[in-house]
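J.: Below you will find the structure I want to go over with you.
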Amino acid sequence: MASSALIHPRCTLHKIRSPGRRPEPSRASFAAAATANEAAVSPSISARAGSGARASASASVASAARTTTSARRSRTASVATMWRQVQGSHDWDGLLQPLHPVVRDEVARYGELVGACYKVLDVDPSSARYMCCNHAKERVLEEAGVAGAGYEVTRYIYATPDVAVAGGPSTSGRGRGRASWVGYVAVSTDEMTRRLGRRDVLVSLRGTVTQAEWAANLMSALEPARLDARQDVKVEAGFLNLYTSSPGGGGGGMGSCRDQLLREVSRVIKSFSKDRPREDMSVTLAGHSMGSALAMLLGYDLCQLGLNRDASGRRVPVTVFSFGGPRVGNAAFKDRCDELGVKVLRVANVRDPVTMLPGAIFNEGTRGLLASWAAGDRYTHVGVELALDFLSLRDLGSVHDLGAYVSSIKAEAGGKVPKSDNAATESRGAAVLAKKAMEFVGSQRAAAFAWPEAVLGIGGVVQSLGLI
């Protein structure tokens, strides 16, 4: 069963560039390195402190030595030798704190493959290809700047939010029943397969962009998933809407996002396993924000339908890498994902308000009378959490930015920046954050997506002040 324990290697991104540019990685070191440094200087301190302190210093040195030995072993490991653990076969036990370098590199790699979705999406409302990918499948990864990714795109995926929205630049009158490009299905090349130790079927899904998608995301009521016969399994209505709705006129018979994904993923699994019966295989579902919710629904769907079976009937492991993902369903949904063997690693910035929604009040942490009152309608996170901690005062919206997530992972920063002991300093910091929040909201008033961006900005500030 997938673990729901929260693992917290706190990473801090100290500097993020101005909006529109990728954040600079932090140069802070892992907590393990800090421990080793403390151990290195502790003997000189303990010499003055007495035998008890010397014993403590010796223990610290021994602990640091064990950490160093473990780090050396980690550097000699490869994806091919530990790919099952990287995909969550043991719920990432012992790999997140400190963050294993192979896991770090793989999580960052999948984050970049999701980031490619944003780079090639046409968001110009006047364009004939509005909300479509600007490039053909054969060149899309190269055009997105990840030419050496080692994957071949096999199909584009579209989603249709079945909601009515007011006209505006985000819809241009096309909001209802119009499909938007949300990502792609790809499969690892032969060369990449050798490096990974298995054939990897990848689904990469972007987050919310259009006004219609925002409207769907706000449909936060829990309703039966209707993906199988179980009535106790409930998911957010908006995500289910995006996943299962079919396009109206002009859809070309492509079907719903669900139909497209199930058909293509199962086709690729069967095709490659038939041609290469002895080859190991994995299914990796990677998404940011809304995309991570769709990935979670797909993981559940694939496994409960038994579509994660190769041509010989062997079970293919399914793993979700969620970046800044919201809660998707209730406790029954989480339990069923565990039963089905869906592995989920949730990469979450502790200052990102999206990761706390929906279910800000009724969730897995609710206790007492409120818990009894909510019963089976409490939102519950699925899987294991890899918690990051970053915030830029110059760009408050970066708390949810995928580029900031990836940079924070790559930074290998460990240990949360301690709070100041000086109350006056903290007060000044709070004032600066509040001022920046108001400036942020003011700057967004003329933007097409003013209110959702403002929510993200204010949410990051509120959490950073410890109010939620």
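Rule-based calculations on the coordinates, nothing more; no lab input. Everything quoted here is computed from the prediction, not taken from an experiment. In this analysis, Cβ positions are derived from the backbone assuming ideal geometry, glycine residues included, and neighbour counts consider all displayed protein chains.
J.: Find out how many positive minus negative residues lie around I157, taking Lys and Arg as positive, Asp and Glu as negative, among other residues whose Cβ is under 12 Å from that of I157.
T.: Charge balance in the 12 Å sphere: +3.
J.: Could you work out how far apart the two model spin labels at D93 and R194 are, taking each label as a point 7 Å from the Cα in the direction of the beta carbon, and quote it in nm?
T.: Distance between the two pseudo-spin positions: 3.5 nm.
J.: Now, a different point. Where Lys and Arg each count +1 and Asp and Glu each count -1, what net charge lies around V384 among other residues with Cβ under 10 Å from its Cβ? Don't skip to the answer; put the middle values down first.
T.: On the way: positive: K343, R346; negative: D91, D93, E385.
Combined, the nearby Lys, Arg, Asp and Glu give -1.
J.: Between K270 and L305, what is the label-to-label distance in nm when each label sits 7 Å out along the Cα-to-Cβ direction?
T.: 1.1 nm
J.: How do the peptides 347-353, 292-298 rank, highest first, by the average count of neighbouring beta carbon atoms within 10 Å per residue? All intermediate terms of the calculation are to be shown ahead of the outcome.
T.: Values: 347-353: 24.3, 292-298: 28.7.
Taking the mean over residues of other Cβ atoms within 10 Å, the ranking is 292-298, 347-353.
J.: Something else about it: What is the distance, in nm, between label points placed 7 Å from the Cα along the Cα-to-Cβ direction at D232 and at R315?
T.: Going by the 7 Å Cα→Cβ label model, 2.0 nm.
J.: Mind scanning K137/K334; K343/K410; K119/K410; K270/K410 and naming the pairs with a C-alpha gap bigger than 28 Å?
T.: K137/K334; K270/K410
J.: Arrange the peptides 232-240, 122-130, 205-213 so that the one whose residues have, on average, the most other Cβ atoms within 10 Å appears first.
T.: So the order, starting with the most tightly packed, is 205-213, 232-240, 122-130.
J.: Oh, and also: Expressed in nm², what is the orientationally averaged projection area of the convex hull enclosing the Cα positions of the stretch 213-323?
T.: Average projection, Cα convex hull of the stretch 213-323: 8.0 nm².
J.: When ranked by the protection proxy of mean other Cβ atoms within 10 Å per residue, highest first, what sequence do the peptides 103-109, 267-273, 78-84 form?
T.: Averaged packing, sorted descending, gives the order 103-109, 267-273, 78-84.
J.: Here is a follow-up. Would you mind getting me the FRET efficiency between E339 and S126? Use the beta-carbon distance for r and R0 = 41 Å, nearest 0.05. Provide the component values of the computation, followed by the final result.
T.: Values: r = 48 Å, r/R0 = 1.18.
Using R0 = 41 Å, I get an efficiency of 0.25.
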